[in-house]
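Structure record follows, encoded as structure tokens.
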Protein chains: 6
Amino acid sequence: MRIQIINPGSAPGTTARIAAAGRAFASRGTEVIAVPATDAPASIEGPVEAALALAGLVEQVARGESDGVSGHIIAAFDDPGLDAARSLARAPVIGIGEAAFHLASLVAGRFTVITTHARTVPLIEHNLVRYGFSARCVRVRVAEISLHSLDDLHSAARDRISAEIDRAIREDRSEAIVLGTAGLADLARSLSSEHGLPVIEGVSAAVRLVESLVSLGLATSKIGGWAPPRRKSLPARLSGLGD
Amino acid sequence: MRIQIINPGSAPGTTARIAAAGRAFASRGTEVIAVPATDAPASIEGPVEAALALAGLVEQVARGESDGVSGHIIAAFDDPGLDAARSLARAPVIGIGEAAFHLASLVAGRFTVITTHARTVPLIEHNLVRYGFSARCVRVRVAEISLHSLDDLHSAARDRISAEIDRAIREDRSEAIVLGTAGLADLARSLSSEHGLPVIEGVSAAVRLVESLVSLGLATSKIGGWAPPRRKSLPARLSGLGD
Amino acid sequence: MRIQIINPGSAPGTTARIAAAGRAFASRGTEVIAVPATDAPASIEGPVEAALALAGLVEQVARGESDGVSGHIIAAFDDPGLDAARSLARAPVIGIGEAAFHLASLVAGRFTVITTHARTVPLIEHNLVRYGFSARCVRVRVAEISLHSLDDLHSAARDRISAEIDRAIREDRSEAIVLGTAGLADLARSLSSEHGLPVIEGVSAAVRLVESLVSLGLATSKIGGWAPPRRKSLPARLSGLGD
Amino acid sequence: MRIQIINPGSAPGTTARIAAAGRAFASRGTEVIAVPATDAPASIEGPVEAALALAGLVEQVARGESDGVSGHIIAAFDDPGLDAARSLARAPVIGIGEAAFHLASLVAGRFTVITTHARTVPLIEHNLVRYGFSARCVRVRVAEISLHSLDDLHSAARDRISAEIDRAIREDRSEAIVLGTAGLADLARSLSSEHGLPVIEGVSAAVRLVESLVSLGLATSKIGGWAPPRRKSLPARLSGLGD
Amino acid sequence: MRIQIINPGSAPGTTARIAAAGRAFASRGTEVIAVPATDAPASIEGPVEAALALAGLVEQVARGESDGVSGHIIAAFDDPGLDAARSLARAPVIGIGEAAFHLASLVAGRFTVITTHARTVPLIEHNLVRYGFSARCVRVRVAEISLHSLDDLHSAARDRISAEIDRAIREDRSEAIVLGTAGLADLARSLSSEHGLPVIEGVSAAVRLVESLVSLGLATSKIGGWAPPRRKSLPARLSGLGD
Amino acid sequence: MRIQIINPGSAPGTTARIAAAGRAFASRGTEVIAVPATDAPASIEGPVEAALALAGLVEQVARGESDGVSGHIIAAFDDPGLDAARSLARAPVIGIGEAAFHLASLVAGRFTVITTHARTVPLIEHNLVRYGFSARCVRVRVAEISLHSLDDLHSAARDRISAEIDRAIREDRSEAIVLGTAGLADLARSLSSEHGLPVIEGVSAAVRLVESLVSLGLATSKIGGWAPPRRKSLPARLSGLGD
């Protein structure tokens, strides 16, 4: 099977890191490709960048459908465009935030999210309510750091995340951590060993969940909220996906 | 004061109808202008069209801010782009769905929404949860009709809405109706007389609420979730609004 | 239009302050009158005083209806007697707590209430649940001060409220403040400038919301929970308002 | 011990019926007295009558406290004045609606309330939310009947309640019934036999719960929301109960 | 009437303490017997011990039913086996956690639970949600102490509970305390005097509540979720209780 | 990897069917074994059978841990013993109800559960609340049929489930179906084709989710609610798993 990961931002380093995380945890026989959203802003740090990225994200979903991918992953932690992508796709679509929450709730009664952009906190909190995890996620914490600095597993940025995990265990009584970033699978593993609790990274989680859905023959339901849009309300280049 | 209503769709008839509804209910001294989102699809009937409209909607918010408008209204009933618009604007921003829900809950203990597109029902239901009205709105009903047909106050389309109101009173025990369409203020008034309960239309509600906020000196809070985006993560044409 | 503000307490200073706040923010052409509830206790500091005030508050609603007022405002922050007033009135009725919550949630994702009487905290918290704002209002804080001392904008009492606002921003991550007092509109404006976030006062908010409802032709729904009481279950002096 | 049941209405027949129900189910050694609220309307059929009754209800709580009663019961199904009574009393105070909900949830996973006045439905629903029973009470049904007609156990009024119980079992999947009336203990017993499920009446339930609290040495907490009012904010005749 | 208290654990000291607490607060004429679950672990400190105890607890419910007891009490604070016991019994069944929560919410707007085993906190929190008390119970605190050490009313263990009560009043704004242990009725009374707020112990609360249900003729509803199991799906020794 | 599926019941046909469903959907390289709980009742049709099965289920978890299995699945739809199993195991543990809910919510906005035993409905509803899916699962429907009769894909029993699916689409507005039975993967596939929406079966879902957790290096968190029990509170045969 072939899984397409869409980076709603356009920074090439991020797309490469996401691709690597996806491939490292995919099953043998699964091909993972990662693409940026068309005409996207460099990175998604809040609702404005997400709004600017959505049209290009939808384009990539449409292209992936035409190319026959088996599933789509949206690789920004606040899962922008999830409804639009599901309306347009016949293949399964999963957001990396969503993926991480699902797996966290299977290994922990309570968990804490640690994100890097304060502007995304309300978006994440709304998603938690909508998905049903608001009673399982005790708190969304912010470690204001640059993602670049996390490439070094011994950096000061890593220390700040580690310090937030300490607080999550002590103050939130949390039993697992969800990293609110895309593709830092090695960091997750290292922090998990250090703190003795599960640390979940979203891209790898999403790859495994898409594989699970595909293997079980499950695809996005097309009756109800994610029914395809009317053909005539779509621009010409997308109209083949309309109803 | 000058209020800008943004139609996320581009159908000129809709923009004109919205402008008329806004002007009919504005205070003397309030100037109401209505503009379509840049490069928008004709109408917003679900999440795909909303995704395609968001970048152009953000552009219009930015232009309005540059032009010094006193407030913004987003005139699609599922309030697309509300977070992005609030992040970018210093002036108040109100969605017409949101506006209608607030006023409905001031005149009725329970209300029913009647919308025209089944694909928007989940979006509306999520908004109700997020805004806090999920216990006040008993049900989102769908009357599958074309908006054009509603221009005639004696059409079959009107009869279908009227029939849904009857059901809302009888089956939902509802005390007020919110019309999930933009600008049908005359229809609202006519249905209210016929059924003997408040019928709320969103554009007129939003105009009055924006006026209220402006008169009271209240603008969107810029600390927290709607803080302006970082200047460097915005495209050049918007960067003047960044932080 | 003529709007009647009912002070459930009888302290003349409070009624005068409420009247001034209402008039300062009303539209041109709106007449604002303020009356105390008949036979009311001096001030409403908890459920016992509210219970003692309700019959007199109902009397004033009835008198206002006879006099043909366009709308009623209940000017104690825990909105006592709102259901009774709505059952009896055909004109719209708004409580000042409720009014402030609605406007706060239009300009902020999260807000904190600062009240002056600890005994009213549970009443306010129940209202927040019932109105639907319990997820938007992060916390009800108490600044134990005398209202009289707030007349001076540079008093120690003001400093205590200001200190609570600092805590709300830092500890509650709040984006706006609702003042749980009646009529301190100047204080609200001053605190808003100082702290750089919206500070909402209820009387002015309620006046603008009543005006909005009246302009839009919206009145309290008389089917369901606020249907008029049966004529025969009312005392003679009120029976004209029964059904 | 001596328990005072306060009828917020003044209809002597109702007070007598309430007294009888209370006495029939009290333990040996418990004295039950029933009094109407001072200057009360005949019966409480919605929020207006409740507002008119509260001052007189508070008076009776105060008199009971002076007389040294062991506990108070408020005998209208929507529990009017419960907060005020608890603020004023040192002895336990229980509402009959509340009492019935507690016992229903001990013998059934889901229950239906059957009340006789449509105007009280929202009040009851708010109480269910506030007390915590909104997920246990599936529905509040209305059987529009006169209470007088229920004195005859074979009346048409009884048949209407019985028909609602049938619907509650079939449509609501309910496992118990709460009668939203005061004092019809014989009717409850008869309906329970007929339908084969628990039918709970509030006055008898409240008497047993007050006895339980008193026996266990539990009285209303006086720290927090039910702290006594300030002495100076009370009228002279009540000031002995203030703080 | 005869009430059977089942200790899901087998430690004889605990069973004796539970019996004493039950008897001390039962009405004259009520016989209280206390039995351990058959083949039970010594004490229930989390979900594993509860799982091991359930079959033996069910056996004791069955034996009690055969012996004609009037009601059953499950005397571990996380109420293990409550659904199973209610399915099997015709007499009322009450858990001591549940009993304490009900009475606490009648005398306090907010309460704190203080338990002795951290492993039971999630079980208690789930029960609070399920029963409907999650908004009334502000927090479940843990005082890690040995129950044996509580026999001495002046021990260090008592001091730790007392310190948690101080924190509950100050940090949780709690108005009552529920002790998450079985049978420490004297301790509850002593702590209540010391701190000036209600302290509720579950065994005594449950005895009074079972008495109340029995006196009112209320037994577990046998339609719906607690219907008796099918006779053929039960082992021979229990099949007499099946349907 | 080796995954152990524990059938809480002892009917050999069921264990075989579960094993087949698990194997059919496992990845190449995954060994699936299925065992009944020790001394279990034939099938789990409600809380009494679950109570009787738990000790034996715990024994199998312990044995699986000794044998070094990679993960455990509890194969009754109401997920009995999930907390106990997670406390005892270091490997991941998933219930089949839980697994099906997670995957359903990834492919549908709303879903309906169709179960075969009315007695398990409240247990399933409580799980939905606890897991966070109560807003996603619209309704738990019961098709009272014998599981044996479902072996024939053209039976009357299948027709009854099919009829419930029709009702779920029409009355519940559901977008996916969760089968509340264990191992009927072929039936799920057949019904999905017939009705044109996803139909999820729990055993196959759980196998894929356990594989995902194991591949990602995620195991049950051992801090907090699922910490291992104290060694001294366990029977000798289990004490090796204690702390």
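The values are calculated or read from the model by the stated rules, or taken from the named source; none is laboratory data. All of these numbers come straight from a predicted model, not from anything done at the bench. Neighbour counts run over all protein chains shown; Cβ positions are idealised from the backbone, glycine included. Accessible surface is based on the protein model in full, side chains and every heavy atom, while ligands, DNA and RNA are left aside. Shrake-Rupley method; radii C 1.70, N 1.55, O 1.52, S 1.80 Å.
Select, from F:VAL61, F:VAL129, the only residue that is within 13 Å of chain E (Cβ to nearest Cβ), within 23 Å of A:GLU98 (Cα to Cα) and β-branched (Val, Ile, Thr).
Criteria check complete, one pass: F:VAL129.
Is at least one residue of segment A:17-29 within 13 Å of chain F (Cβ to nearest Cβ) and touching a Phe, Trp or Tyr at 6+ places or on another chain (Cβ under 8 Å)?
Taking every residue of segment A:17-29 in turn, none turns out to be within 13 Å of chain F (Cβ to nearest Cβ) and touching a Phe, Trp or Tyr at 6+ places or on another chain (Cβ under 8 Å).
Among residues belonging to segment F:212-237 that are of a type in the set (A, V, I, L, M, F, W, C) and under 20 Å from the mean Cα position of the chain (by Cα), point out the one that is farthest from A:PHE25 (Cα to Cα). Talk me through it step by step, then tell me what you get.
Our first condition is that a residue be of a type in the set (A, V, I, L, M, F, W, C); within segment F:212-237, this holds for F:213-214, F:216, F:218-219, F:223, F:226-227, F:234, F:236.
Remaining after also requiring under 20 Å from the mean Cα position of the chain (by Cα): F:213-214, F:218-219, F:226.
On the way: F:LEU213: 11, F:VAL214: 11, F:LEU218: 12, F:ALA219: 16, F:TRP226: 27 Å.
So, considering only residues that are of a type in the set (A, V, I, L, M, F, W, C) and under 20 Å from the mean Cα position of the chain (by Cα), the one farthest from A:PHE25 (Cα to Cα) is F:TRP226.
What strands (runs of 3 or more DSSP E) lie completely within segment C:129-243 and have 3 or more residues being open to solvent by 10 Å² or more (accessible area, probe 1.4 Å)? It would help to see each step written out before you state the result.
Details: elements: C:137-142, C:176-180, C:199-201.
Filter on segment C:129-243 gives C:137-142.
What is the residue count in segment F:105-120 for residues that are modelled with pLDDT of 95 or more and not in a strand (DSSP E or B)?
Residues flagged as modelled with pLDDT of 95 or more and not in a strand (DSSP E or B) within segment F:105-120 amount to 6.
Mind checking whether some residue in segment A:101-110 is outside the structural domain of A:GLU144 (by TED's automatic domain parsing) and small (Gly, Ala, Ser)?
No - not one qualifying residue is present in segment A:101-110.
Touching a Lys or Arg at 6+ places or on another chain (Cβ under 7 Å) and modelled with pLDDT under 95 - does that describe any residue in segment A:158-166?
Scanning segment A:158-166 turns up no residue that is touching a Lys or Arg at 6+ places or on another chain (Cβ under 7 Å) and modelled with pLDDT under 95.
D:ALA37 fails exactly one of the following numbered conditions: (1) surrounded by fewer than 24 Cβ atoms within 10 Å (Cβ to Cβ); (2) at pLDDT below 95. What is the number of that condition?
Every listed condition holds for D:ALA37 apart from (1).
Starting from residues that are without any contact (Cβ under 8 Å) to a residue 60 or more places away in the chain and touching a Leu at 6+ places or on another chain (Cβ under 8 Å), keep the ones in segment F:60-84 and report whichever is farthest from E:PRO47 (Cα to Cα).
F:ASP78
Across segment F:27-43, what is the number of residues that are of a type outside the set (Gly, Ala, Ser) and in contact with a Leu (Cβ under 9 Å, 6 or more places away or on another chain)? Working first, answer last.
In the first step, residues of segment F:27-43 are kept if they are of a type outside the set (Gly, Ala, Ser); the result is F:28, F:30-33, F:35-36, F:38-39, F:41.
If we keep only those that are in contact with a Leu (Cβ under 9 Å, 6 or more places away or on another chain) as well, we get F:38-39, F:41.
Matching residues across segment F:27-43 total 3.
Could you say which residue among B:ALA62, B:ALA26 is more than 18 Å from B:GLY183 (Cβ to Cβ) and surrounded by fewer than 24 Cβ atoms within 10 Å (Cβ to Cβ)?
B:ALA62
I'd like to verify a number: residues in segment F:85-128 that are without any contact (Cβ under 8 Å) to a residue 12 or more places away in the chain and of a type in the set (A, V, I, L, M, F, W, C), how many?
1
Are any residues in segment E:1-44 among the charged types (D, E, K, R) and touching a Lys or Arg at 6+ places or on another chain (Cβ under 6 Å), and if so, which ones?
Of everything in segment E:1-44, just one residue is among the charged types (D, E, K, R) and touching a Lys or Arg at 6+ places or on another chain (Cβ under 6 Å), namely E:GLU31.
Within segment A:66-75, does at least one residue satisfy the condition of being in the same structural domain as A:VAL35 (by TED's automatic domain parsing), over 16 Å from A:GLU211 (Cα atoms) and more than 18 Å from the chain's Cα centre (by Cα)?
yes
Have a look at C:GLU45, C:GLU59 and point out the one that is of a type in the set (Asp, Glu) and more than 15 Å from the chain's Cα centre (by Cα). Spell out how you get there, then give the answer.
Values: C:GLU45 fails: more than 15 Å from the chain's Cα centre (by Cα).
Testing whether each residue is of a type in the set (Asp, Glu) and more than 15 Å from the chain's Cα centre (by Cα) leaves just C:GLU59.
Could we say that D:ARG119 is open to solvent by less than 20 Å² (accessible area, probe 1.4 Å), of a type in the set (D, E, K, R), under 20 Å from D:ALA76 (Cβ atoms) and not assigned by TED's automatic domain parsing to the domain that holds D:ASP79 here? Working first, answer last.
Working: open to solvent by less than 20 Å² (accessible area, probe 1.4 Å): no; of a type in the set (D, E, K, R): yes; under 20 Å from D:ALA76 (Cβ atoms): yes; not assigned by TED's automatic domain parsing to the domain that holds D:ASP79: yes.
The answer is no for D:ARG119.
Go through segment B:213-233 and report how many residues are over 20 Å from C:ILE169 (Cα atoms) and within 12 Å of chain A (Cβ to nearest Cβ).
The total comes to 4.
If E:GLY81 passes every condition in (1) open to solvent by less than 10 Å² (accessible area, probe 1.4 Å); (2) closer than 17 Å to E:TYR131 by Cβ; (3) in contact with a Pro (Cβ under 9 Å, 6 or more places away or on another chain) but one, which one does it miss?
Every condition holds for E:GLY81 apart from (1).
Going by the structure shown, is F:ALA53 surrounded by 19 or more Cβ atoms within 10 Å (Cβ to Cβ), in contact with an Asp or Glu (Cβ under 8 Å, 6 or more places away or on another chain) and either closer than 29 Å to F:VAL142 by Cα or of a type outside the set (D, E, K, R) (or both)?
On the way: surrounded by 19 or more Cβ atoms within 10 Å (Cβ to Cβ): yes; in contact with an Asp or Glu (Cβ under 8 Å, 6 or more places away or on another chain): no; either closer than 29 Å to F:VAL142 by Cα or of a type outside the set (D, E, K, R) (or both): yes.
Answer is no for this residue.
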